[in-house]
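Taking it in order: structure first as structure tokens, then the write-up.
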Amino acid sequence: MAARAVRGMSAPPEVVFNTATDPSRASAWLPEPLRGDGSPAAEIDGEELRARWGDADWSAEIRVYPADSGGARIQLDLTDGSGGSGPDQLADEALTNLVREVADNLQAG
């Protein structure tokens, strides 16, 4: 099953993308099946602000787009190939966690 979650943020797109793709922060926001061992995303396209993680059963792709007033719009596509109950809630929770990580990153920097 596949799910899509979209969220807006007031942080710049590059900050959101860099936080999302930072291996030390990925385990704080990615759903459990994709957290891995802290290794980077399987695919990262910094020009398009797109990254993809995946294993045998799960995949996640995030895209970060510019939004009004210097903010960002985050789109997360999450696929559960294991036949589970579906990733809808996990996709929404993942973006909530990413928003928290971006806020923490901005406060630390």
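The values are calculated or read from the model by the stated rules, or taken from the named source; none is laboratory data. All values derive from a computational prediction rather than experimental measurement.
What's the number of the condition Ala60 fails, among (1) part of a helix (DSSP H, G or I); (2) closer than 14 Å to Ala20 by Cα? All conditions are met except number (1).
Of the residues screened, Trp53 is not one that is under 15 Å from Asp92 (Cα atoms) and within 13 Å of the chain's Cα centre (by Cα).
Would you mind finding the one in Ala51, Ala11 that is in a loop (DSSP other than H, G, I, E, B), at pLDDT 90 or above and aliphatic (A, V, I, L, M)?
Numbers: Ala51 fails: in a loop (DSSP other than H, G, I, E, B).
Of the residues listed, the single one that is in a loop (DSSP other than H, G, I, E, B), at pLDDT 90 or above and aliphatic (A, V, I, L, M) is Ala11.
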